[in-house]
Amino acid sequence: MTQSKSRLVTCPSCKKQSEYSADNPFRPFCCERCRLIDLGCWAAENYRVPIEQDPFDESAPPPLS
């Protein structure tokens, strides 16, 4: 039987080392709490994917300063 090697990664929420393997259902997070904190940040729109405004698109609102 082949045993897969697990590796340690840094949890994106708390920065602790966490095992990245099939044994950790919360990967890449260390626990359910950190996973839910991250999900809450996305739901609250604390994380945003930046977009570029088309300078010639007159229907777009002006950029916030």
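Examine the stretch 24-34 for a residue that is touching a residue at least 12 places away in the same chain (Cβ under 8 Å) and either of a type in the set (Phe, Trp, Tyr) or closer than 30 Å to residue 64 by Cα (or both), and state whether such a residue exists.
Checked the stretch 24-34: at least one residue is touching a residue at least 12 places away in the same chain (Cβ under 8 Å) and either of a type in the set (Phe, Trp, Tyr) or closer than 30 Å to residue 64 by Cα (or both).
Looking only at the stretch 51-65, filter to residues that are of a type outside the set (D, E, K, R) and either surrounded by 10 or more Cβ atoms within 10 Å (Cβ to Cβ) or closer than 30 Å to residue 13 by Cβ (or both); which one of those is modelled with the highest pLDDT?
Here the residue is 51.
Going through the stretch 1-47 one residue at a time, which ones are of a type in the set (A, V, I, L, M, F, W, C) and outside any loop (DSSP other than H, G, I, E, B)?
Listed by number, the residues that qualify are 8, 9, 34, 36, 37, 39, 41, 42, 43.
Quick test for you: out of 48, 27, pick the one residue that is surrounded by 13 or more Cβ atoms within 10 Å (Cβ to Cβ) and among the charged types (D, E, K, R).
Testing whether each residue is surrounded by 13 or more Cβ atoms within 10 Å (Cβ to Cβ) and among the charged types (D, E, K, R) leaves just 27.
The values are calculated or read from the model by the stated rules, or taken from the named source; none is laboratory data. It should be emphasised that the depicted structure is a prediction, and the values quoted were computed from it without experimental measurement. Neighbour counts run over all protein chains shown; Cβ positions are idealised from the backbone, glycine included.
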